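> Structure in structure tokens, see below.
The values are calculated or read from the model by the stated rules, or taken from the named source; none is laboratory data. Fair warning: this is a prediction, and the values are worked out from it, not measured in the lab. Cβ coordinates were reconstructed from backbone atoms using ideal geometry, including for glycine residues, and neighbour counts include every protein chain displayed. Just the protein is used for accessible areas: all its heavy atoms, side chains included, with ligands, DNA and RNA removed. Shrake-Rupley method; radii C 1.70, N 1.55, O 1.52, S 1.80 Å.
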Amino acid sequence: MMRLALDAARAAADAGETPVGAVILDPATGEIIATAGNGPIGAHDPTAHAEIAAMRAAAAKLENYRLTDLTLVVTLEPCAMCAGAISHARIGRVVFGAEDPKGGAVVHGPRFFAQPTCHWRPEVTGGVLAEESAELLRGFFRARRKKSQA
């Protein structure tokens, strides 16, 4: 599933967005419920992170705002906004690729799911295809820096 999330991240990069991709699947059936890439720039929406877009699509498809027992696979450690949405959606499991020491909120920063005010804590697995996920981000930002210096 992380490969599908990486494909969504590459599509986001091709659209000029930060290359983060997300997939939501039902582990009981193996069905992919939703796939999304980052889209804040194109959508003119600061909340259009890959995780949020995937959760919105999954909730619409299932006609339920609760995504209990589903798995979210994302290429980058979720930020605080996304971690909050994951908790509210009752996602059962989060699998992420690269850690995000600057903006992550799962194993870095506020460690959202460990806070006493967090009312739903998914199972979390990090580091899946971490280097490939991180290199996609590094390459994207390296190319952007080169363009701005030219």
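> Is there any pair linking a residue in the range 130-150 that is free of Cβ contacts under 8 Å to residues at least 40 places away in the same chain to one that is open to solvent by less than 80 Å² (accessible area, probe 1.4 Å), with Cβ under 8 Å and at least six apart or on different chains, and which?
The qualifying pairs are Ala130/Gly97; Ala130/Ala98; Glu131/Ala98; Ala134/Gly97; Ala134/Ala98.
> Can you tell me which residue in the range 28-60 is surrounded by the most Cβ atoms within 10 Å (Cβ to Cβ), limited to those that are under 13 Å from Ala15 (Cβ atoms) and within 12 Å of the chain's Cα centre (by Cα)?
Ala50
> Still on this structure, please answer the following. Filter the range 71-103 for residues that are in a loop (DSSP other than H, G, I, E, B), more than 17 Å from Thr47 (Cβ to Cβ) and open to solvent by less than 10 Å² (accessible area, probe 1.4 Å) and give the result.
Glu77
> Collect the residues in the range 15-27 that are open to solvent by 60 Å² or more (accessible area, probe 1.4 Å) and hydrophobic (A, V, I, L, M, F, W, C), keeping them in residue-number order. Reasoning before the result, please.
Residues of the range 15-27 open to solvent by 60 Å² or more (accessible area, probe 1.4 Å): 15, 27.
The answer is Ala15, and nothing else.
> Sticking with this one: Working only within the range 104-133, note down all residues that are open to solvent by 70 Å² or more (accessible area, probe 1.4 Å) and either over 25 Å from Tyr65 (Cα atoms) or not in a loop (DSSP other than H, G, I, E, B) (or both).
If the condition is that a residue be open to solvent by 70 Å² or more (accessible area, probe 1.4 Å) and either over 25 Å from Tyr65 (Cα atoms) or not in a loop (DSSP other than H, G, I, E, B) (or both), then Ala114, Glu123, Glu131 are the ones that fit.
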